[in-house]
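*Asks:* Sharing a structure with you now.
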Amino acid sequence: MRWQQLFADLQAQFDEEEAAAERSQAASRTRAELGAVRLPERLRGALGFPVVLGCRGAGPVSGVLTDVGVDWLLLAGEGGREDLVALGAVRTVGGLGRRTAVPEVPGGVWSRLDLRRAVRGLARDRAVVQVVLDDGVVLTGTLDRVGADYVELAEHPVDQPRRSEAVQGVRAVVLDAVAVVRTASSGLG
């Protein structure tokens, strides 16, 4: 009986030490896995939920997170407004839950959908936009062209279509300076 109790005590100690080592390794693995998650992956877990972004130059930008690219976010705001936000301008993100998306496979389609390609779609649509720069300057007009590292904006009033008589000038805007590109189906604001 004595030996059985001794062996049972030793087995219990061994089991506890093994469980403690497993808990320690699991916590270490979790920290390492979390340490590899990039912000776009974290934000894809919040798709369909309202968030508030603190953006350099644009201040708070809020809306429902509808899409996440490799270096941009798309928010649907009130009144049909959409905000294409450069990830490089984002300083804080509020409204996140515990969800995180599974990391994308490197080299997939998602990794090629950068801000330049997203802005190219806006230029193709010929929509009137408001471009908020990272220093707070707000430009309004229609995106005419998208270069490798810049966009050309035909500046004109929001309430007028892009016609030669309405265009006040054409301005090249460096993509790295863009914080938010705002569109709306019925005017900007």
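The values are calculated or read from the model by the stated rules, or taken from the named source; none is laboratory data. A quick note: this is a predicted structure, and the numbers were derived from the prediction, not measured. Positions of Cβ are generated from backbone atoms using ideal geometry, with glycine treated the same way; all protein chains shown enter the neighbour counts. Surface accessibility is based on the protein's heavy atoms, side chains included, excluding ligands, DNA and RNA. Shrake-Rupley method; radii C 1.70, N 1.55, O 1.52, S 1.80 Å.
*Asks:* Exactly one of these conditions fails for residue 121: (1) touching a Ser or Thr at 6+ places or on another chain (Cβ under 9 Å); (2) modelled with pLDDT under 95. Give me its number.
*Replies:* (1)
*Asks:* Need the failing condition index for residue 171 against (1) more than 22 Å from residue 60 (Cβ to Cβ); (2) open to solvent by less than 80 Å² (accessible area, probe 1.4 Å); (3) modelled with pLDDT of 95 or more, just the number.
*Replies:* Among (1) more than 22 Å from residue 60 (Cβ to Cβ); (2) open to solvent by less than 80 Å² (accessible area, probe 1.4 Å); (3) modelled with pLDDT of 95 or more, residue 171 violates only (2).
*Asks:* Report yes if some residue within the stretch 92-99 is surrounded by 16 or more Cβ atoms within 10 Å (Cβ to Cβ), modelled with pLDDT under 90 and either among the acidic types (Asp, Glu) or out of contact with any Lys or Arg (no Cβ under 7 Å at 6 or more places or on another chain) (or both); otherwise report no. Spell out the reasoning first.
*Replies:* Applying the first criterion (surrounded by 16 or more Cβ atoms within 10 Å (Cβ to Cβ)) to the stretch 92-99 yields 93.
Now narrow it down to the ones that are modelled with pLDDT under 90: none.
The answer is no; no qualifying residue exists.
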